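What follows is one structure encoded as structure tokens, with my remarks underneath.
The values are calculated or read from the model by the stated rules, or taken from the named source; none is laboratory data. Since this is a predicted model, take the numbers as computed values, not measurements. We place every Cβ from the backbone using ideal geometry, glycine too, and count neighbours over all the protein chains shown. Ligands, DNA and RNA are excluded from the accessible area calculation, which covers all protein heavy atoms including side chains. Shrake-Rupley method; radii C 1.70, N 1.55, O 1.52, S 1.80 Å.
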Amino acid sequence: MTLDPRLPQKPADQWLRLINAYLDESILKEEFELLSEWIAASPDNAMWFARVASLHSGLRTTLQQQDLREFLAAKDSDGSLELTVDPQNIQEMLVEFDEAERRREEIEATQRAKQIAAEAAAKRMEQLEQERLDRPHRPQPIEIPRSALWAAIAVGVAFVFLAVDALMLQQEQQADMTQVAPPVETRPAETFASVSDSVAAVWARNAKPIGPGGRLPAGRLNLIEGAVELTFDDGAQVVLEAPVEVELVSASRLWLQRGKMVAKVPEEAIGFTVSTAAGSIVDLGTEFGVGVTDTGDTQVQVMQGVVALAAKSSGENVPRLTLTEGQARYIQAEGSQISKLEFDEQAYLRNVPSSPYELAVMRDRPFAYWRFDGTGNAVESIGRVESNSPLGSGVSLVGLAGQALVGSAAAEFSGAHDGIMLSDLASESLKRDFTLEAWVKPTEIPESTGAMRILSNFYSSAGIRCGWGFGVADERFVGAQIPRRVLLFTMHGVYDSISTQTMTFGEWTHLAVTVDSRAQPAMYINGSEVIEFCRDWKTNKDSYKPIPKNANYTDVDVTSKNPFLIGRHPPIANEGNPPEAWHGSIDELAVFTRVLTPAEILEHYQASRK
């Protein structure tokens, strides 16, 4: 090991032993006084004291992390550590952790008392010095050379720390100290984490927003709107989804009062713990979600890695177990029982969305959601379906700089394009009880049919017609009955449904269609539900009429054999049907495997205006 050439000569082992005894809190009173005199005797001694203290702190942190890893991880036959958890150790660790918290609070109280005493002493020294300077005929001050001044400061800084401890060891204070009232404590608020990302965040009882980079005070925090990512000083990252209430306990521990959160824990933050009224979850470098209901019940699920789970039962046999990726559990509020829970990959918000609109969509857990904000020759879907789909010819991603919309780019379709084929979107899940929505900016419809499609899986072969198409139409499609540009939804071979409210081409419009359990459609333009007319392909193909309330379309249960395409009908097995290709732009296309309520669709639209 090569020592820093700027350091003075290494002190004798006697002094190093006393420094380590002081840092380990095992030093005797006589040794403490001896060490204080040695530090005060020389600037070199003060520098060595500061050097050893810094190394001691870093080494202690490293050893604590390794001890925790060995304590929690089961060992393989060859003695190496496995990525599994020995559940027998969890309850013991939690008890020790609670005891450590109690000791920490006692130490903090002692440190506060020390600080008050030190500040009182400093205040008294200032008063005495001022009295001396106010005396008449005082001599001229002596100028101290700058080099000597800095050496004196180094000695003084080290001596002040030891002097504070010395004040606490003395059984009696000096008489003049008892006359000084302690000043108001001015210590900065304790903090363990900072905000690393946020969107539309509103904190309760806090008029001043806490944006990215802001430090969060220790204690209870209540997020009433939006989503926030916290980065703890130990390295763990936590995503909070409003409404949620938490308490920051330390740099490695969080108390979840209610709501949902996701923790992502790197190796250096091993042992990060989330506690609730029902139990505690300890990780070994993983990603897991925790939710607490208003009644205090706790749900836990593991997206990646391994966690240890222990219920907070008052009995002798405390429920505890290890959870691995894809597993979920439910703990009753009193902590008496741990039950199995079906894993739901969409139960938790795992990342902070990039906009209020994306947050509103993701809160309703889409089956698939295309933002079109990437670059290159493919588009990514998020939600339950996560995939990349290549852009067909004639399709490109175009930036939206300066346009008042929710994303930074959109898909633009022009000419005789091939659309975007979605091979991972299953038709089986989208025949009843689903919702479609998108932002669109259509141009003129070039095809003679007078229709363009946003999303379609039309199938026509051997007399079988099935699938559906979501799009827009003009008077050439709807006929003279409703001569306008309208929202269009077609259940192929069953019905065409159109909005009676017009829409404007050439400007951005929010469109949505829901299909319920009876396959009846409902339509929305810019967040508002509109009246729709329908023509039945079997009974009333020539005119549009209001949909009968008791209508139940059974023919929709045939599954299309074609893949979904964005921007046109599929080109195969379509018996000569025109592609009805989209011309213009599409953005923020989302599919849900349930019927969104009118309030949810309106919330999505309004979020785009925030």
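All conditions in (1) free of Cβ contacts under 8 Å to residues at least 24 places away in the same chain; (2) surrounded by fewer than 16 Cβ atoms within 10 Å (Cβ to Cβ); (3) within 26 Å of THR597 (Cβ to Cβ) hold for SER339, with the sole exception of (3). Regarding the stretch 280-288, can at least one residue be identified that is aliphatic (A, V, I, L, M) and modelled with pLDDT of 95 or more? Within the stretch 280-288 (the criterion being aliphatic (A, V, I, L, M) and modelled with pLDDT of 95 or more), the answer is no, since none of the residues qualifies. Every condition in (1) open to solvent by less than 30 Å² (accessible area, probe 1.4 Å); (2) at pLDDT 90 or above; (3) of a type outside the set (Val, Ile, Thr) holds for GLN327 except the one numbered (1).
At least 3 residues being of a type outside the set (Phe, Trp, Tyr) is the threshold, and among the strands (runs of 3 or more DSSP E) wholly inside the stretch 529-608 those reaching it are 532-536, 584-592.
Just to be sure, is ARG350 touching a Gly at 6+ places or on another chain (Cβ under 9 Å) and open to solvent by 30 Å² or more (accessible area, probe 1.4 Å)?
Values: touching a Gly at 6+ places or on another chain (Cβ under 9 Å): yes; open to solvent by 30 Å² or more (accessible area, probe 1.4 Å): yes.
It is true that ARG350 is touching a Gly at 6+ places or on another chain (Cβ under 9 Å) and open to solvent by 30 Å² or more (accessible area, probe 1.4 Å).
Taken over the stretch 167-212, the criterion of being at pLDDT below 85 and open to solvent by less than 60 Å² (accessible area, probe 1.4 Å) is satisfied by ASP176, MET177, VAL180, PRO183, ILE210, GLY211. Taken residue by residue, the stretch 257-270 has no member that is touching a helix residue (DSSP H, G or I) at 6+ places or on another chain (Cβ under 7 Å), among the hydrophobic types (A, V, I, L, M, F, W, C) and closer than 22 Å to TYR357 by Cα. Across the stretch 329-336, a minimum of one residue is classified as assigned to a strand (DSSP E or B) and either more than 30 Å from VAL361 (Cβ to Cβ) or free of Cβ contacts under 8 Å to residues at least 24 places away in the same chain (or both). Out of the residues in the stretch 404-419 meeting the condition of being among the aliphatic types (A, V, I, L, M) and not in a loop (DSSP other than H, G, I, E, B), tell me which one is modelled with the lowest pLDDT. Step by step, filter the stretch 404-419, then rank; the result is ALA409.
All of LEU487, LEU511 fail the test of being open to solvent by less than 40 Å² (accessible area, probe 1.4 Å), out of contact with any Ser or Thr (no Cβ under 8 Å at 6 or more places or on another chain) and assigned to a strand (DSSP E or B), apart from LEU511.
Scanning the stretch 406-453 for residues being farther than 18 Å from ASP474 by Cβ and aromatic (Phe, Trp, Tyr) gives a total of 2. Checking each residue in the stretch 353-396 for being open to solvent by 40 Å² or more (accessible area, probe 1.4 Å), part of a strand (DSSP E or B) and in contact (Cβ under 8 Å) with a residue 24 or more places away in the chain picks out only PRO390. If you go through the stretch 446-470, how many residues are open to solvent by 10 Å² or more (accessible area, probe 1.4 Å) and more than 13 Å from LEU565 (Cβ to Cβ)? Total satisfying the criteria: 9.
Residues of the stretch 26-56 that are surrounded by fewer than 15 Cβ atoms within 10 Å (Cβ to Cβ) and not in a helix (DSSP H, G or I): SER26, LEU28. Considering HIS583, HIS510, HIS569, the condition of being modelled with pLDDT of 90 or more, under 23 Å from SER355 (Cα atoms) and of a type outside the set (S, T, N, Q) is satisfied by HIS510 alone.
Applying the set (1) over 29 Å from VAL361 (Cα atoms); (2) crowded, with 16+ Cβ neighbours inside 10 Å to ARG568 leaves exactly one unmet item: (1).
Residues of the stretch 273-287 that are part of a strand (DSSP E or B) and of a type outside the set (Asp, Glu): THR273, VAL274, SER275, GLY279, SER280, ILE281, VAL282. SER517 falls short on exactly one of the conditions (1) over 20 Å from ILE586 (Cβ atoms); (2) open to solvent by less than 60 Å² (accessible area, probe 1.4 Å); (3) under 42 Å from the mean Cα position of the chain (by Cα), and that condition is (2). Selection within the stretch 231-250: residues that are open to solvent by 20 Å² or more (accessible area, probe 1.4 Å) and over 11 Å from the mean Cα position of the chain (by Cα). The member of this set that is nearest to ARG220 (Cα to Cα) is GLU247.
Taking the condition over 40 Å from the mean Cα position of the chain (by Cα), farther than 22 Å from PHE592 by Cα and not charged (D, E, K, R), does GLY493 pass? So GLY493 passes the test.
Out of the residues in the stretch 575-610 that are among the aliphatic types (A, V, I, L, M), open to solvent by 50 Å² or more (accessible area, probe 1.4 Å) and in contact (Cβ under 8 Å) with a residue 12 or more places away in the chain, state the one that is nearest to TYR495 (Cα to Cα). Taking the candidates together, the pick is VAL595. Per the listing ILE566, ILE572, the residue uniquely within 16 Å of ASN457 (Cβ to Cβ) and without any contact (Cβ under 8 Å) to a residue 12 or more places away in the chain is ILE572. Scanning the stretch 251-269 for residues that are out of contact with any Ser or Thr (no Cβ under 9 Å at 6 or more places or on another chain) and buried (at least 22 other Cβ atoms within 10 Å of the Cβ) yields MET261, VAL262.
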